[in-house]
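Below: one structure, written as structure tokens.
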Amino acid sequence: MLLELVDVEVAYGAVTALRGVRLTVDAGEIVTLLGANGAGKTTTLRTVSGLLRPRAGQVLLDGEPLSRIPAHQLIRRGVAHSPEGRRIFPSMSVRENLLMGAFHDRKHVSTDLEMVFGMFPRLKERIGQAGGTLSGGEQQMLAIGRALMSRPRLLLLDEPSMGLAPLIVQTIFEVIAQINATGVAVLLVEQNAAQALRIANRGYVLETGRVVLDGPADVLLADDRVRQAYLGED
Ligand code: ATP
């Protein structure tokens, strides 16, 4: 088991955002987290990447409590987070942004840059351009590319398709599947439930901080509750 959340509870002051969350990600899987706004999806990713500490329960990485791993060590342990809203460095070039993702290990930089450019040829064409001047889709590619520069085993993706045109959304989902095919496990938060479930192995549905449903992606895709609430069907 690569990642395991055991009865995790997370609060922001008086606001409890996660309640008794149990979730696992195996090596090489794509697992998607679905849920309405405010359900706790982003909070889950922030907890896995060590930005938030659970008030109760445990997060285990390779069976080891995350609380024993300093946050800055997590990237070495193979966890990379591409946060919501992309958060690239706007005044830095595409190349500089990508290098920020490799800061802990510069040995493989040129190979890894080529790997990212192979996946996102558009970024190569814009290598010297300031991140902030890229289109929304290109900034998303840059955020994912930057996360890949640390050679993760587990990639945390928060709403990678948010605000993008349908064609670019398609590209982003294809790239996620391609990344996964190289052996990287993905924990994917998406509003775009149908597309997320199509590339995922398994999914979890969160409602007000609780897991209310989980299972294989094809079972969730066929589930009436999922179809009504998240796939916009009646
Ligand atoms: P969205 O799809 O809207 O991004 P989400 O499922 O990712 O939603 P979270 O961002 O994890 O939801 O938020 C879960 C709950 O925690 C919400 O009720 C939210 O208002 C609350 N919350 C999130 N961040 C904070 C914060 N910094 N301070 C206080 N409450 C917060």
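The values are calculated or read from the model by the stated rules, or taken from the named source; none is laboratory data. Just so it is clear, the structure is predicted and the values come from calculations on it, not from any experiment. We place every Cβ from the backbone using ideal geometry, glycine too, and count neighbours over all the protein chains shown. These area figures cover heavy atoms from the full protein model, side chains too; ligands, DNA and RNA do not enter into them. Shrake-Rupley method; radii C 1.70, N 1.55, O 1.52, S 1.80 Å.
Computed quantities for the displayed model
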{"item": "Among the residues listed as ALA71, ALA27, ALA17, the single one being of a type in the set (A, V, I, L, M), within 16 Å of the ligand (Cβ to nearest atom) and open to solvent by 10 Å² or more (accessible area, probe 1.4 Å)", "result": "ALA17"}
{"item": "Restricting segment 30-51 to residues that are crowded, with 19+ Cβ neighbours inside 10 Å and among the aliphatic types (A, V, I, L, M), the residue that is farthest from the ligand (Cβ to nearest atom)", "result": "ILE30"}
{"item": "Subset tally (residues that are touching an Asp or Glu at 6+ places or on another chain (Cβ under 7 Å) and open to solvent by 70 Å² or more (accessible area, probe 1.4 Å)) for segment 203-234", "result": "2"}
{"item": "In segment 54-80, residue nearest to GLY209 (Cα to Cα) [restricted to those that are charged (D, E, K, R) and touching a strand residue (DSSP E or B) at 6+ places or on another chain (Cβ under 8 Å)]", "result": "ARG55"}
{"item": "Pairs, first free of Cβ contacts under 8 Å to residues at least 12 places away in the same chain in segment 59-71, second open to solvent by 20 Å² or more (accessible area, probe 1.4 Å) and among the aromatic types (Phe, Trp, Tyr), C-beta under 7 Å, six or more apart", "result": "none"}
{"item": "Looking only at segment 188-202, and only at residues there that are open to solvent by less than 10 Å² (accessible area, probe 1.4 Å) and within 14 Å of the ligand (Cβ to nearest atom), the one that is farthest from the chain's Cα centre (by Cα)", "result": "ALA193"}
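A quick yes/no check of all residues on (1) within 23 Å of ASN180 (Cα to Cα); (2) outside any helix (DSSP H, G or I):
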| site | (1), (2) |
| --- | --- |
| THR32 | yes, yes |
| ALA39 | no, yes |
| ARG46 | yes, no |
| GLY50 | yes, yes |
| PRO54 | no, yes |
| VAL59 | yes, yes |
| HIS72 | no, no |
| GLY85 | yes, yes |
| PHE89 | no, yes |
